[in-house]
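Step one of this worksheet: look at the structure below.
The values are calculated or read from the model by the stated rules, or taken from the named source; none is laboratory data. None of these values were measured; they are calculated from a predicted model. Every residue, glycine as well, gets a Cβ built from its backbone with ideal geometry; the counts of neighbours run over all protein chains shown. Quick note on the areas: whole protein, heavy atoms, side chains included, nothing else; ligands and nucleic acids left out. Shrake-Rupley method; radii C 1.70, N 1.55, O 1.52, S 1.80 Å.
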Amino acid sequence: MVLRFINSYGFLGFMTALPTTAEFITYESVYLPKNHFIKEESLSTESYLDYFYPFDKMDFHKKGVESSWSVSDKDGIAIALATGKNPQAVTMSFQKEYAERYDWLVKEFSDWAFTFTTSFLYYMDYDSLDEQTKKLYRQGMSAFGGISPTYHISLAENAPVIVWNFHSLLVMIQMCFSFMLTDSDCDMKLCKHCGRAFIASRKGNEFCSPKCKNQYNVYKTRAKKNKTDE
């Protein structure tokens, strides 16, 4: 799944260890919320950028809060012009030198899969779980995320609206995933038989395929018969 995502979208702008502000390049140091990958709470801006430019380095220089960045190739210039109103880090993440560690991406996708599965198992097995297990489920769910997306309120034509300012692909996907997970009408489901995630073709679908539905019913019938025979 991770490889398919990378082949389709690349690493651009994922930023698995995102600082507390999108304008971090204007600071002498970056400050990080808790994450899986960088254990320091703060480190120099240049040291942070080294994580995302491990091969070819950009023509970027920093002294205190002052910084300079030169782009010479035409593609880089075009990207800089197209993203001119965004924080400088956003423009940098679209440069060809930018890269992110594969194991970091795998960890993020694994966390999302765990969160998705937990939300189904908690309610599916609710009546059979003891209180301690329920508490562990709730603690695991509350630990999800930790990076709040920035937003502002805009006065639209008819009413005020929330405008999200996503400066990381990671945060955008995480936010959309959270909305889908808490939406009772969401099409994301977990197959009642094989446990695989799937998109339901209609409301009320509990199985990813007719085969799984038939196998589930066969096993259920056998279990009832065995119980009766006992």
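Could you tell me whether any residue of region 197-210 is modelled with pLDDT of 85 or more, basic (Lys, Arg) and out of contact with any Phe, Trp or Tyr (no Cβ under 6 Å at 6 or more places or on another chain)?
no
Please pick out the residue among Tyr123, Tyr137 that is in contact with a helix residue (DSSP H, G or I) (Cβ under 8 Å, 6 or more places away or on another chain), over 30 Å from His167 (Cα atoms) and either without any contact (Cβ under 8 Å) to a residue 24 or more places away in the chain or open to solvent by 50 Å² or more (accessible area, probe 1.4 Å) (or both).
Details: Tyr123 fails: in contact with a helix residue (DSSP H, G or I) (Cβ under 8 Å, 6 or more places away or on another chain).
Answer to the check: Tyr137.
Here is a check on your reading of the model: is Ala143 under 18 Å from Phe114 (Cβ atoms) and within 16 Å of the chain's Cα centre (by Cα)? Steps first, answer last, please.
Details: under 18 Å from Phe114 (Cβ atoms): yes; within 16 Å of the chain's Cα centre (by Cα): yes.
Spelling it out, Ala143 is indeed under 18 Å from Phe114 (Cβ atoms) and within 16 Å of the chain's Cα centre (by Cα).
Residue-wise test of (1) under 17 Å from the mean Cα position of the chain (by Cα); (2) open to solvent by 80 Å² or more (accessible area, probe 1.4 Å).
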{"residue": "Ala17", "(1), (2)": "yes, no"}
{"residue": "Pro33", "(1), (2)": "yes, no"}
{"residue": "His36", "(1), (2)": "yes, yes"}
{"residue": "Ser44", "(1), (2)": "no, no"}
{"residue": "Phe55", "(1), (2)": "no, yes"}
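Just give me the residues in region 59-72 being among the small types (Gly, Ala, Ser), loosely packed, with under 11 Cβ neighbours inside 10 Å and not in a loop (DSSP other than H, G, I, E, B), in sequence order.
Filtering region 59-72 for residues among the small types (Gly, Ala, Ser) gives 64, 67-68, 70, 72.
Now narrow it down to the ones that are loosely packed, with under 11 Cβ neighbours inside 10 Å: 64, 68, 70, 72.
Scanning region 59-72 gives Ser68, Ser70.
Please go through region 201-219 and give me each residue that is of a type in the set (A, V, I, L, M, F, W, C) and in a loop (DSSP other than H, G, I, E, B), ordered by number. Can you show your working first?
As a first pass, look at region 201-219 and keep what is of a type in the set (A, V, I, L, M, F, W, C): 207-208, 212, 218.
The answer is Phe207, Cys208.
I'd like to verify a number: residues in region 73-104 that are of a type in the set (Asp, Glu) and outside any helix (DSSP H, G or I), how many? Outline the logic, then answer.
Within region 73-104, the first condition is being of a type in the set (Asp, Glu), and the residues that meet it are 73, 75, 97, 100, 103.
Now narrow it down to the ones that are outside any helix (DSSP H, G or I): 73, 97, 100.
Count: 3.
Quick one: Asn165 ticks every box in (1) loosely packed, with under 15 Cβ neighbours inside 10 Å; (2) over 22 Å from the mean Cα position of the chain (by Cα) except a single one, so which number is it?
Result: Asn165 passes all but (2).
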